Amino acid sequence: MSSQFLLSDPIRRDRRPLPSGPKGLPLLGVALEHPKQEFWKAYARWGKEYDNNSGLISFHILGRRIIVINSRQMAETLLDNRGAIYSDRQTLPNDVRSYNDRLRDYRRLMHQDFNSRESTKYWQLQEHEAIVLLKSLLDTPENIFEHIRRFSGAVILKIAYGYEVKSEHDRLMALTKEGMRVASLAAAPGRWLVDSFPILRYIPRWFPGAGFKRKAERWGELLYSQSLIPHNFVKKEIAAGKASSSFSSKYLCPENGESVSAELEDLVLWTSGALFTGGSDTTVSVVQTFVLVMALNPDIQRLAQAEIDRVIGHDRLPKMTDCEDLPYVGAIIKETLRWGTVSPLGLPRSTAREDEVMGYKIPKGCVVFANIWAMLHDESVYPDPEKFNPSRFMGEKQLQQPDPRELAFGRGRRACPGQFIAEASVFIQVASLLATFDIRKGFDDDDIQSTKPHIIGFTTAIVSFMKPFKCKLVPRRKEIRTLIEDALAEII
Ligand code: HEM
């Protein structure tokens, strides 16, 4: 058994304590009391019980040490200021492809292409896809969530691979869904059984109980093939001389005609794969949550529609350049990101070496979660945090509550590289929906109050979604159809 496991609790060797937290049972740690659902809420609660105002808690699951950062201040101290220690990613158990080495290089590539200035070059694509979305909603409003999913898939596949999605049933779109499911499963706490008990690595695959190992291998294969299929599509298009411009083609077919090293090709494969996974579900989740909160808050919806009508009028659809002139719509987006925290624990990090903060020891190689949900629901910062209230972000700048975007996309070196793409995708969908449709409830209030409280629940995953709910979309005016169809005719 590895020394990592035997010495898993460094308190035995060293007087410095670990950050406090629930002790759990010997060997098992908190495995039995760890909630299965929305555990970020339990981490916030444990923070109140144990953390001595440090903003940090720690516990172990099956010998695997986990540190949770519950406060913004601690996130700044560790993730922003000590990036060299807190920027590694937790990898899949048994991961055969070393991930962290590539990630350093891929950050550089992504930053070049997706910084705030460069991201504006995708605005036209996002505006076009918003028109396609509206037309689909006119025709089959009952399929609203498939249409929203198509928007995100179409945008990211075009940006990363130059691939055009033709329908909701597109084969590459189906890959994104499965890929996210797998990535979420693989990254959930408590999944590192194989890491915690390295001896399990040597158990043959057919041995009863070795299911976890088989699963880990399948996850790895699936994530890899998810990147490989669209990557091979680009290579084929390049070979046939018909590749359209994309992140992948830019590197795989350099303008100067130089040949591409195997190392660079591998990097591009992984980077585009990460964009594909990171960019697929996240914006879908925000827009779905937006739809529910609009259905539940017709007064807020009316205020936003009035702002849009005032600024844009009735003769055209919203454009990205309207963003600055629609502060209330912007406040609704901020509140949606806060209230319905998309990625409540971010992506797990891992410590590159031992560290110390406020007298606490942080061991090397432990798993670090930034509890973004806890930070965005801290009642000392966001009073009445469970209430959906965009007015938090209106009025004089210095009186507004802190912008949730400073946390929702993570912090430090590994913060979301797709933030500007994401913000544009969310804005254009939200503004387009508000301009053209009334979003109404498709369920009774009684359903929320008692019989079906799950209507406003969230799923537990790396990217958290509203649980399924029904809604109705009604065009706001009879001219809306012509407006949308004319706009569509212009782009095809
Ligand atoms: C509203 C939508 C989105 C939210 C809330 C979001 C949030 C996040 C968060 C919290 C992380 C982890 C950051 C950390 O460890 O501190 C992350 C990572 C990442 N996101 Fe996003 N994201 C969104 C959209 C996107 C989009 C559209 C893309 C692609 C264009 C993208 C690509 C990525 C990638 C590649 C990573 C991994 C970065 C790394 O490991 O270095 N995300 N995102």
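Things worth noting here:
- Accessible surface of HIS34 - all protein chains present, 1.4 Å probe, nearest 10 Å²: 20
- Placing R0 at 30 angstrom, the Cβ-Cβ distance between ARG302 and GLU490 gives a FRET efficiency of 0.55 after rounding to 0.05.
- Solvent-accessible heavy-atom area per residue, rounded to whole Å², over the stretch 25-167 at 1.4 Å: 44
- For LEU347, solvent-accessible area (1.4 Å; no DNA, RNA or ligand), Å²: 90
- Segment ARG104-GLU386, length gained on full extension (0.36 nm per residue, minus Cα span): 97.8 nm
- In this structure the stretch 326-481 gives 41 Å² per residue of accessible area when probed at 1.4 Å with all protein chains present.
- Per-residue ³J(HN,Hα) for the stretch 289-304, Karplus 6.51 cos²θ - 1.76 cosθ + 1.60, θ = phi - 60°, Hz, x for Gly and Pro: 4, 4, 4, 5, 5, 5, 4, 7, 10, x, 5, 5, 4, 5, 4, 5
- Efficiency of FRET between GLU168 and ARG310 - r from beta-carbon atoms, R0 30 angstrom, step 0.05: 0.30
- Average projection area in nm² (convex hull over Cα atoms of the stretch 249-396, one quarter of hull surface): 15.0
- Computed with a 1.4 Å probe on the full set of protein chains, the accessible area for TRP373 sits at about 40 Å².
- Nitroxide proxy distance, nm - points 7 Å out along Cα→Cβ at ARG353 and THR140: 5.6
- Residues in the stretch 256-271 that a label on ALA239 would reach, taking backbone N under 16 Å of a point 7 Å out along Cα→Cβ: 260
- Using the Karplus relation 6.51 cos²θ - 1.76 cosθ + 1.60 with θ = phi - 60°, the per-residue 3J(HN,Hα) values for the stretch 152-169 come to 5, x, 5, 5, 6, 5, 5, 5, 6, 10, x, 8, 9, 7, 9, 8, 5, 9 Hz, with x marking Gly and Pro.
- Summarising the label geometry, the points placed 7 Å from Cα in the beta-carbon direction at GLU258 and LYS478 lie 6.3 nm from one another.
The values are calculated or read from the model by the stated rules, or taken from the named source; none is laboratory data. Predicted, not measured: the structure shown is a model, and the values here were computed from it. No Cβ is skipped: glycine too gets one built from the backbone with ideal geometry, and neighbour counts run over all protein chains shown. Areas reflect the complete protein model, heavy atoms only, side chains present, ligands, DNA and RNA absent. Shrake-Rupley method; radii C 1.70, N 1.55, O 1.52, S 1.80 Å.
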